[in-house]
Number of protein chains: 6
Amino acid sequence: MKRIDGRNFDELRPVTIATGVQGFAEGSALVEVGQTRVLCAVTVDDKVPPFLRGGGTGWVTAEYAMLPRATPTRSIREAAQGRVSGRSQEIQRLVGRSLRAVTDLTQLGERSLIVDCDVLQADGGTRTAAITGAYVALYQALAGLAMVGVIAGIPLKSAVAATSVGVVQGRILLDLCYEEDCKAEADFNVAMTGKGELVEVQGTAENKPFSRETLETVLALAGGGIKQLFQVQQEAIEKLNVR
Amino acid sequence: MKRIDGRNFDELRPVTIATGVQGFAEGSALVEVGQTRVLCAVTVDDKVPPFLRGGGTGWVTAEYAMLPRATPTRSIREAAQGRVSGRSQEIQRLVGRSLRAVTDLTQLGERSLIVDCDVLQADGGTRTAAITGAYVALYQALAGLAMVGVIAGIPLKSAVAATSVGVVQGRILLDLCYEEDCKAEADFNVAMTGKGELVEVQGTAENKPFSRETLETVLALAGGGIKQLFQVQQEAIEKLNVR
Amino acid sequence: MKRIDGRNFDELRPVTIATGVQGFAEGSALVEVGQTRVLCAVTVDDKVPPFLRGGGTGWVTAEYAMLPRATPTRSIREAAQGRVSGRSQEIQRLVGRSLRAVTDLTQLGERSLIVDCDVLQADGGTRTAAITGAYVALYQALAGLAMVGVIAGIPLKSAVAATSVGVVQGRILLDLCYEEDCKAEADFNVAMTGKGELVEVQGTAENKPFSRETLETVLALAGGGIKQLFQVQQEAIEKLNVR
Amino acid sequence: MKRIDGRNFDELRPVTIATGVQGFAEGSALVEVGQTRVLCAVTVDDKVPPFLRGGGTGWVTAEYAMLPRATPTRSIREAAQGRVSGRSQEIQRLVGRSLRAVTDLTQLGERSLIVDCDVLQADGGTRTAAITGAYVALYQALAGLAMVGVIAGIPLKSAVAATSVGVVQGRILLDLCYEEDCKAEADFNVAMTGKGELVEVQGTAENKPFSRETLETVLALAGGGIKQLFQVQQEAIEKLNVR
Amino acid sequence: MKRIDGRNFDELRPVTIATGVQGFAEGSALVEVGQTRVLCAVTVDDKVPPFLRGGGTGWVTAEYAMLPRATPTRSIREAAQGRVSGRSQEIQRLVGRSLRAVTDLTQLGERSLIVDCDVLQADGGTRTAAITGAYVALYQALAGLAMVGVIAGIPLKSAVAATSVGVVQGRILLDLCYEEDCKAEADFNVAMTGKGELVEVQGTAENKPFSRETLETVLALAGGGIKQLFQVQQEAIEKLNVR
Amino acid sequence: MKRIDGRNFDELRPVTIATGVQGFAEGSALVEVGQTRVLCAVTVDDKVPPFLRGGGTGWVTAEYAMLPRATPTRSIREAAQGRVSGRSQEIQRLVGRSLRAVTDLTQLGERSLIVDCDVLQADGGTRTAAITGAYVALYQALAGLAMVGVIAGIPLKSAVAATSVGVVQGRILLDLCYEEDCKAEADFNVAMTGKGELVEVQGTAENKPFSRETLETVLALAGGGIKQLFQVQQEAIEKLNVR
């Protein structure tokens, strides 16, 4: 049985990552996963948050937002509402943690990398696409620092990428589009390193609890998809004129 | 090898749940897990959020906050900062989802139950303690509605409780206290139904990715702890003069 | 003629003060006046507000809030509204002034004591209960500083406690519960030192102006009640293992 | 012994009240007490706050603010800070209560009168000046409503005016200017009706508690000053071309 | 004498307008003027602002924001600051007015068109690029409404486009890039209709006042540039599969 | 054909400027243009904004607000709304720029002059009246600094004043009152130096685009009016006991 958009249960949507799209940023990547499009830009800042000052260690943090018409229905700007929504904050904490999990912060020196993830179009999976794209933008920024000798090498312990899996009408499906996501009984976001280890697993029963066996299947499916994402990341990185 | 506070790796801290502690609320519970103390109060509101209006279905939502001196260091009040922090929003969304996963919202009618979880003292595991206590307070409020005939029965499909697990110096430990939590390489929050199914799994590598095998062990350990929590919940519920 | 809850016109509700209830704080007290319950926690901070810096003098300040279901009807959290309400600000200014009036700030050194007063349950008189409880928590924190030699002695010039009085259907009543407070024609909050002097008198005609004679009676009644509060405070302090 | 500005202990500063200064408002008054200048404007609104809807009763409320350079040192605008300060809220609640205490709200019908008190220049006593001026502006607005038959008469039960008293170096002084206010050991705001009854008494020990005898003297002194304020109010009202 | 980027004084940077880039929106356009890139998306809303309700007339409004790394230095998100900046508000009011000036609001019916202008990259002239691109997106949205018969025709009285002019080291230059803008002694934004009439003229002396003669030259130069922009708009519109 | 208030098309409303009205400020002016009344107060601050620190150069900035009942209908306070409106921010940026255009900031030293413009009554033209009055208050503050030798002379390169012009029913009219402004097809604000040069020109088509010829006429008309404003400014300055 085919899915809404004709894919197999274990099939990712078409994925592309273009670098250099925000030319003023130290690193940038536009990631497209099906109709989902997220623009990631990395800024290098010579300060760290107060809790790290004087420790000689760096920091990686992320911000996330959606353009008002990224979605079929317009959403009110968070600036107009005077606050960052709970959903955005949850996502930017997730993206930041995933990137820090593969970064050797001790090799960064006391500087911060801020990764802005702005969703131009949203068709499900924006947070996992943000992680996948942000890694490439982060690589570019770190490679730039290494190239000019600010840091000794690229302090990344591994790649990191992420995808979603959902249970829809009892079937476990990889990389949900928005229409599938709306009907999911349970949904999962999984971020994995290039070595096959997990950095984030978030499983949520929307209206039907799930078994440990389901979670096992989910992780296997996610692992397969993420391996393909590593390939796309690698190709994008190889096109950069950095090493 | 014993833990900081002398527990075994698979041992919960002492847990108690007292009901009726906020007498003006429709349901209330004070849950204590070791030194962590969370006050849960349920309010029944005859309105539902806009996206549910006219659908005949109810809603369960949660709010979460910490008193400024719940912690060893005083934290600034969120009201004084003019906004609910990202952490609080993330937790209240988690608590709300966990409770909705076991509630038959169609049997509630168009009314909302708001569960306020206020942390009086925080020694790790406040979000999972909030879920565990909130279930009891929710039961009391729903039982009250059923007793006066507003709803036909208690629309709970199962109990729900939650606990944390962490990887500390390579050992997988149940129900982390704050001191253990600070040193954890990875930590996990697991919410489970009385039928042994999962409603939330959140695993985060703080600075060391984890394997799928570790996640398996985590879930087994959490499952064992949560079974004991169901026992404490059940005892608290039996003391209520409701059915 | 008896009052709603059977008390005489000059009778306080039952009052208890328990210390040490927020174990992480430098001082803490849970004060209960009838069904009103306020949790007071004191934090010692090694900074003073800008207007005092360099003057060698300390400061005592207070914050006040109510849990959403402290009351029969749920109130929206101030953090969710993005601001501290006018009522809360008025009360925290009152509590702070009352405590400063009995503290020898010059003996404190350049440090601040922040007193958090959180209302767990509200049945009238929360602001005066907060003052009464806060004094005990403040004493504990100051005694702790003195015990370790940070300050030479306990820089309190006197105790301070407070109660309310109201004119209800022409009768002048001590320590109003919420139901009486709602019907009061005029109400009064009085804070007094252990030496019988006044530090705060706030009299407000809700819908019936009052005479100077009424105010005289109010002060006498309040004075009688506050003397009993000093007794409860003293007992709580004597149980502390501090001097 | 003369005061800073040559007055006797029981002497008000020169007081004037001019009406009609904000010509677009339904009532307006510019009150000057020494160098303190407050502009009061009354707006009639055909709505009442939610808690009064459907009750047939009206409402009187006040707002208070200071221009940034009302004071020797510029203060930051509350709008720029994004919130009304605690001090402003406390004062506007005081002004509103004082005016409601003399207004027969049941004769107003379901409408609100909003009294804006904006301090053009501040030399102490702005809150009491605001009450004194606001009464005249309120009278003008109500007289206007009565004149066109919207209400049957002017629903004011009495005049209301206010002044301050302070204890400065042990002397009890009427109507403090800013310089005196800064040095006051205790200060008092008193609002009184034209019948000599009290509607607000606020006494605060700044750094020296006060006795009941002091409060007695304060009330007598305030009463004398307020009688003169009624005279100035009456003259301003008589000049209005309303009855 | 050539300009920084080799252009003549009266030469626009390369301009392109692509439509349909935010596929979920009723109209969208990505306008590029040199390195400046602005994404415009139009939403049709079946409501009008309160001041227009019941009048049968429509409304066009705009919002404007920049991505944090649109610029060489990262700017803090307005949502994180809790407010829309004065600069953004000024620009969105300008864009809205310019679009309303060419729209026959009476033919729109009681509906609003909201035009979101998000700057992906900023190299000077973002506000005038926003007007130029927004017109195309607006055309697409209106054409869509007309095609399905919601409105009788496309209620646009004329095209509208805008450009900037500046005085740099005494020379009057068309379409400033950021580097030129920083050095400008005076700068001008001009919005013009397809009929050659003006809808907005904003001239500002940054540090050198300008003469009426200079303004005359500015308007002539702007007029020449804007005519070319009309051409680019027209080509973009012709590629739409709408009429 | 006479205007609403009997003026000729090229006739200003009566203009007066009184100085010293906010006695605590370093400079102050109350400007009246017809029924429009704006109070301007200048504060000298020994700091400059961050982007100027260490450059030896000064700064002039402005803030603008309206009292709630400056207008026929009461407007909500910006402080109560928690933000400065877009309109206010636009105006305060305009006033600041106009004043900076005539001030030699390099002669100021590293200090800021903050000009508060508060509208007591609004009958059209409040922003241009603010500029006209602010110049006089600024002159007074600078003269005060010069008199005590803080700066060598008064660092003003020229006077600056402003007025509005509008197209009403096809007629071009100087200095619109509110009633005319509401009906204007296009309106213009023009700020000019004492040497006849322009510092700000803002032309906006409300619902009818305008030609370059119209703009020419507007500038001529504005120039005539502004010359008269310079006269009123000069008289106010001559009355100051400064040189």
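May I ask you to verify whether residue B:142 is within 27 Å of residue A:161 (Cβ to Cβ) and either within 14 Å of another protein chain (Cβ to nearest Cβ) or among the hydrophobic types (A, V, I, L, M, F, W, C) (or both)?
Numbers: within 27 Å of residue A:161 (Cβ to Cβ): no; either within 14 Å of another protein chain (Cβ to nearest Cβ) or among the hydrophobic types (A, V, I, L, M, F, W, C) (or both): yes.
No: the conditions fail for residue B:142.
Being farther than 20 Å from residue F:67 by Cα and either in a strand (DSSP E or B) or in contact (Cβ under 8 Å) with a residue 60 or more places away in the chain (or both) is the filter here, so list the residues in region D:26-53 that pass it. Walk me through how you get there before you give the answer.
Our first condition is that a residue be farther than 20 Å from residue F:67 by Cα; within region D:26-53, this holds for D:33-35, D:46-53.
Of everything in region D:26-53, those that are farther than 20 Å from residue F:67 by Cα and either in a strand (DSSP E or B) or in contact (Cβ under 8 Å) with a residue 60 or more places away in the chain (or both) turn out to be D:33, D:34, D:35, D:46, D:47, D:48, D:49.
Has region F:101-111 got at least one residue that is touching a residue at least 40 places away in the same chain (Cβ under 8 Å) and over 19 Å from residue F:153 (Cβ atoms)?
Applying the first criterion (touching a residue at least 40 places away in the same chain (Cβ under 8 Å)) to region F:101-111 yields F:101-111.
Checking which are over 19 Å from residue F:153 (Cβ atoms) leaves us with none.
No.
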Search region D:167-207 for residues being within 10 Å of another protein chain (Cβ to nearest Cβ) and over 21 Å from the mean Cα position of the chain (by Cα), and hand back the single one that is modelled with the highest pLDDT. D:205
Taking region F:1-19 as the search range and keeping residues that are under 22 Å from the mean Cα position of the chain (by Cα) and either within 12 Å of another protein chain (Cβ to nearest Cβ) or among the aliphatic types (A, V, I, L, M) (or both), which one is nearest to residue F:96 (Cα to Cα)? F:17
Residue D:22 passes all but one of (1) more than 10 Å from chain F (Cβ to nearest Cβ); (2) of a type outside the set (Asp, Glu); (3) not in a strand (DSSP E or B); which number fails? (1)
The listed residue being in a helix (DSSP H, G or I), surrounded by 22 or more Cβ atoms within 10 Å (Cβ to Cβ), polar (S, T, N, Q) and more than 8 Å from chain D (Cβ to nearest Cβ), out of C:228, C:233: C:233
Taking residue A:60 as meeting all but one of (1) closer than 24 Å to residue A:200 by Cβ; (2) touching a Lys or Arg at 6+ places or on another chain (Cβ under 6 Å); (3) assigned to a loop (DSSP other than H, G, I, E, B), write down the number of the exception. (3)
For region C:30-80, which positions are crowded, with 22+ Cβ neighbours inside 10 Å, out of contact with any helix residue (DSSP H, G or I) (no Cβ under 6 Å at 6 or more places or on another chain), aliphatic (A, V, I, L, M) and more than 8 Å from chain B (Cβ to nearest Cβ)? C:30, C:66
If I filter region C:1-28 down to residues being out of contact with any Ser or Thr (no Cβ under 9 Å at 6 or more places or on another chain) and of a type in the set (S, T, N, Q), which single residue comes out as nearest to residue C:222 (Cα to Cα)? C:8
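Say we look at region C:164-184 and pick out the residues that are in a loop (DSSP other than H, G, I, E, B) and touching a residue at least 24 places away in the same chain (Cβ under 8 Å); which of these is farthest from residue D:201 (Cα to Cα)?
To start, the set of residues in region C:164-184 that are in a loop (DSSP other than H, G, I, E, B) comprises C:169-170, C:175-177, C:184.
Okay, now just the ones that are also touching a residue at least 24 places away in the same chain (Cβ under 8 Å), so C:175-177.
On the way: C:175: 19, C:176: 19, C:177: 22 Å.
So, considering only residues that are in a loop (DSSP other than H, G, I, E, B) and touching a residue at least 24 places away in the same chain (Cβ under 8 Å), the one farthest from residue D:201 (Cα to Cα) is C:177.
Working carefully through the options E:23, E:86, E:56, find the one that is free of Cβ contacts under 8 Å to residues at least 12 places away in the same chain and farther than 27 Å from residue A:35 by Cα. Break it down into steps so the answer makes sense when it comes.
Values: E:23 fails: farther than 27 Å from residue A:35 by Cα; E:56 fails: free of Cβ contacts under 8 Å to residues at least 12 places away in the same chain.
Answer to the check: E:86.
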Report, by residue number, each residue of region E:80-119 that is within 29 Å of residue D:80 (Cα to Cα) and outside any helix (DSSP H, G or I). E:82, E:83, E:84, E:85, E:114, E:115, E:116, E:117, E:118, E:119
Flagged in region C:203-225 as aliphatic (A, V, I, L, M), buried (at least 22 other Cβ atoms within 10 Å of the Cβ) and touching a helix residue (DSSP H, G or I) at 6+ places or on another chain (Cβ under 7 Å), in numbering order, are C:205
Scan region E:216-243 and report the pairs whose first residue is at pLDDT below 95 and whose second residue is small (Gly, Ala, Ser), with Cβ atoms within less than 6 Å and a gap of 6+ or a chain change. E:242/E:143
Inspect region D:142-155 for any residue being under 20 Å from the mean Cα position of the chain (by Cα), assigned to a loop (DSSP other than H, G, I, E, B), within 30 Å of residue D:58 (Cβ to Cβ) and free of Cβ contacts under 8 Å to residues at least 24 places away in the same chain and give the result as yes or no. yes
Could you look through region B:145-166, keep only residues that are within 14 Å of chain A (Cβ to nearest Cβ) and of a type in the set (A, V, I, L, M, F, W, C), and pick out the one that is nearest to residue B:216 (Cα to Cα)? B:165
Residues located in region A:81-95, provided they are among the polar types (S, T, N, Q) and either buried (at least 17 other Cβ atoms within 10 Å of the Cβ) or facing chain B (nearest Cβ under 8 Å) (or both): A:85, A:88, A:89, A:92
May I ask you to say which residue of E:184, E:161 is surrounded by 22 or more Cβ atoms within 10 Å (Cβ to Cβ), more than 27 Å from residue E:240 (Cα to Cα) and hydrophobic (A, V, I, L, M, F, W, C)? E:184
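The values are calculated or read from the model by the stated rules, or taken from the named source; none is laboratory data. Nothing here was measured: the structure is a model prediction, and the numbers come from that model. Ideal geometry is used to build each Cβ from the backbone, glycine not excepted, and the neighbour counts take in all protein chains shown.
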